[in-house]
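Trainee: Here's a structure for you.
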Amino acid sequence: MATMRRRKQAKDDQLTESLLDDYDARDADDVAPEPHEPPHKAVPSAAAPSRHTALIVHPGEFNLQAFIQSVLAWWQRMFGACFGPIFSYATHLWPVPSREPQLSLLQAERLQQLRDKVAERFDIASPSHQDSLRRLWSLAFSGEPCTALKTPRWKDMGWQGDDPATDFRGAGLYGLDNLIYLAEVHPDTFRRLLDKSEGTRAAWEYPFAVAGLNLTWALSELLELHAPTGAAAAAAAAAANSNSDSSGPRPPRGAAGRAFLTLLSESEVAFEELYCAAYCLLDATWLEMRASYMEFNAVMKRVKGQVEKALASRPADMAQLRQRLLAGVPGAAVWD
């Protein structure tokens, strides 16, 4: 077995918390502003006042309910502040349609499954969670039995201390699942990233396992898989109340999250495959930037931006997304 690179001893404060920006703080910025009404032209004082008529045009075949919804939407813009109760009663009878995209049954099911996975915290007291840790151990240290869940040997896999349970933080159990997926489905890539066998490496390398947990967090945040909190939760609740006919998970609002829904329709392991490609991109970016341990945040920020850009270009499938992410990355052409 190849000798694994182990970063030199250093203070681990930089990786004990999430390496990403605050999720809730950006929620309000993601909402597109409502278009402004064009100002009315002032009527000259010398001219006789004219009557202003609002025309509501409904394209296509006339539909009574759609016409009434258009009237209500116009009424809300013009007089909502004065006649709020009347408008609320009217919209209860004739709800204004939501502008959010409609999810297919398959998309809704898989999106909810992903959000449930992201929400599950790692619990060292759980026997199944302990089994997952031992499973990752056997994949990383083939032929070497896992005799203890607390041992300095975990550091050789890129955990920060003797007890990997202290490193999970916001990534939860799904962060561990993604590392296992990488090892089982793409074993050569896993070994190359774990051993850091390519390129000129820094004296203080990024810790492999903890970096993987942070990558899970970054991608799930980008794709809006975390349950909203604070102001974001209030906005989501208000949207749900205004659209009482809707059921199932709320669609992502960002371009990257919406584009990901197409990939999710194609494959139930779309997130895991995105994770594996993004980890290859992370390592290549690390080498390109000649980064060291203290620059991990900058590397992660750049990787997250590249993933967002690639998804926003609306790739047709995972193969096309992988090509856009890893074009020019050494060794990426050979995908085990």
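Trainee: Scan region 314-333 and tell me whether some residue there is closer than 17 Å to V210 by Cβ and either under 16 Å from the mean Cα position of the chain (by Cα) or surrounded by 14 or more Cβ atoms within 10 Å (Cβ to Cβ) (or both).
Mentor: no
Trainee: Within region 141-163, is there a residue that is of a type in the set (A, V, I, L, M) and closer than 19 Å to K117 by Cα?
Mentor: No; the residues of region 141-163 include none that is of a type in the set (A, V, I, L, M) and closer than 19 Å to K117 by Cα.
Trainee: Out of all the residues in region 281-303, is one or more assigned by TED's automatic domain parsing to the domain that holds I180, within 18 Å of the chain's Cα centre (by Cα), part of a loop (DSSP other than H, G, I, E, B) and modelled with pLDDT of 95 or more?
Mentor: Taking every residue of region 281-303 in turn, none turns out to be assigned by TED's automatic domain parsing to the domain that holds I180, within 18 Å of the chain's Cα centre (by Cα), part of a loop (DSSP other than H, G, I, E, B) and modelled with pLDDT of 95 or more.
Trainee: Here is a further query. Restricting to region 130-141, give me the number of residues that are aromatic (F, W, Y) and either assigned to a helix (DSSP H, G or I) or touching a helix residue (DSSP H, G or I) at 6+ places or on another chain (Cβ under 7 Å) (or both). Before you say what the answer is, go through the steps one by one.
Mentor: Of region 130-141, the ones aromatic (F, W, Y) are 137, 141.
Subset that is either assigned to a helix (DSSP H, G or I) or touching a helix residue (DSSP H, G or I) at 6+ places or on another chain (Cβ under 7 Å) (or both): 137.
Number of matching residues: 1.
Trainee: Suppose we filter R110, R121, R115 for residues that are part of a loop (DSSP other than H, G, I, E, B), closer than 30 Å to L263 by Cβ and either within 23 Å of the chain's Cα centre (by Cα) or at pLDDT 95 or above (or both); which single one remains?
Mentor: It is R121.
Trainee: Does L193 qualify as being closer than 18 Å to F271 by Cα and in a helix (DSSP H, G or I)?
Mentor: For L193, the condition - closer than 18 Å to F271 by Cα and in a helix (DSSP H, G or I) - is not met.
Trainee: List every residue pair whose Cβ atoms sit under 6 Å apart, with the two residues 6 or more apart in sequence or on different chains, where the first one lies in region 188-205 and is more than 16 Å from G158 (Cβ to Cβ) and the second, anywhere, is charged (D, E, K, R).
Mentor: Partner pairs satisfying both residue conditions: D188/D336.
Trainee: How about region 142-168: which of its residues are assigned to a loop (DSSP other than H, G, I, E, B) and within 23 Å of W204 (Cβ to Cβ)?
Mentor: T151, G158, W159, Q160, G161, D162, D163, F168
Trainee: How about region 195-208: which of its residues are crowded, with 23+ Cβ neighbours inside 10 Å and either of a type in the set (G, A, S) or closer than 14 Å to W137 by Cα (or both)?
Mentor: The answer is F208, and nothing else.
Trainee: Might you let me know whether region 202-215 holds any residue that is among the β-branched types (V, I, T), outside any loop (DSSP other than H, G, I, E, B) and closer than 29 Å to A312 by Cβ?
Mentor: To start, the set of residues in region 202-215 that are among the β-branched types (V, I, T) comprises 210.
In the following step, the residues that additionally are outside any loop (DSSP other than H, G, I, E, B) were identified as 210.
Those still in the list that are closer than 29 Å to A312 by Cβ too: 210.
Checking region 202-215: at least one residue is among the β-branched types (V, I, T), outside any loop (DSSP other than H, G, I, E, B) and closer than 29 Å to A312 by Cβ.
Trainee: Kindly establish whether E184 is surrounded by 14 or more Cβ atoms within 10 Å (Cβ to Cβ), acidic (D, E), closer than 22 Å to F271 by Cα and at pLDDT 95 or above.
Mentor: Working: surrounded by 14 or more Cβ atoms within 10 Å (Cβ to Cβ): no; acidic (D, E): yes; closer than 22 Å to F271 by Cα: yes; at pLDDT 95 or above: yes.
So E184 does not fit the description; no.
Trainee: So which pairs qualify, if the first residue must be in region 213-228 and charged (D, E, K, R), the second must be surrounded by fewer than 24 Cβ atoms within 10 Å (Cβ to Cβ), the Cβ gap must be under 7 Å, and the two must be at least 6 apart or on different chains?
Mentor: Listed pairs, sorted by first residue: E221/L20; E221/Y23; E224/P252; E224/R253; E224/G254; E224/G257.
The values are calculated or read from the model by the stated rules, or taken from the named source; none is laboratory data. Values in this document were obtained by computation on a predicted structure and should not be read as measured data. We place every Cβ from the backbone using ideal geometry, glycine too, and count neighbours over all the protein chains shown.
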